[in-house]
Amino acid sequence: MIEYPIFNSVVNRIEAELIKYNVNLKSFKTWTEGSINATGLEIIAELPSDELIKSVVINFDWDKFREASLARLMDGMSKHPLLRDKNSKLSLVTPSLDIEISWQFNEGIPFKISQTRLGTNRIKVASEWMDSINSRASQALPRDCNLSRWHVDIDGDFDGRFISQMTFITYLSIPLDTVTSLPSLQQRIDRNLQLLLKTTDRILELAKSTLPLAS
């Protein structure tokens, strides 16, 4: 079984910081998939039920190649399990921590706005809200965000179609190629975790400020 001591230290640091910031966690779990040499952390932060966003899911993705590469760069890692093979080519990749953040919007909001409307109008209201968020998302997201997209599920009833799930997803990557010690890694994680929490607050404010545009 592959060991990930560096990533485990990242997980422990994230957990400690979230506790410090009093983040309400619905789930905090790690996973490992040996067949693809990967590991990761999934965090589900629960927001108040009356908010426009029901929950935030943050996924941190890692693998043995980045683990070995970062171990090669860091002081005191000569006994890291992935560096035992001196001829290993595992450390040739550039280490980075990939992050996916998903904001699950309250799909009931367009229902409330369009409660007297039938047919495709409920989809129209939700689409207008998403378009309004898209037009301002660059102001709320980190500058190094790689990509953003919506995941939308559509269902139907006797009155017509409606959106049953609205999830805004963004991807970014934290470069770690300048990390040379455990303290510097912790500082990098702390700084970026603060940025992620601020980004979540900004998206919530964006959801609130764009909602009237969809009514």
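Less than 5 angstrom separates the built amide H of Gln165 from those of Asp153, all sequence-distant by 5 or more or on a different chain. Local charge for Tyr21 was computed over the other residues whose Cβ lies under 15 Å away, with Lys and Arg +1 and Asp and Glu -1, and equals -1. In percent, rounded to a whole number, the relative contact order of the chain is 21, using alpha-carbon pairs under 8 Å and six or more apart. Report the far tail of the P(r) of the chain, meaning the percent of Cα-Cα pairs longer than 32 Å. Value for the chain (Cα pairs over 32 Å): 30 percent.
Secondary-structure-derived ellipticity at 222 nm for the chain, considering helices only, amounts to -12500 deg cm²/dmol, per-run term -39500 (n - 2.57) for DSSP H runs with n ≥ 4.
So for each of 2-11, 180-189, 135-144 I average, over its residues, the number of other beta carbons within 10 Å; can you give me the resulting order with the highest mean first? Intermediate results must be reported in sequence, preceding the final value.
Working: 2-11: 18.4, 180-189: 15.5, 135-144: 13.5.
The packing order, highest mean first, is 2-11, 180-189, 135-144.
Throughout, read-outs are computed from the coordinates displayed, never taken from laboratory work. Please read all numbers here as calculations on a predicted model, not as lab measurements. Virtual Cβ from ideal backbone geometry, glycine too; neighbours counted across all protein chains shown.
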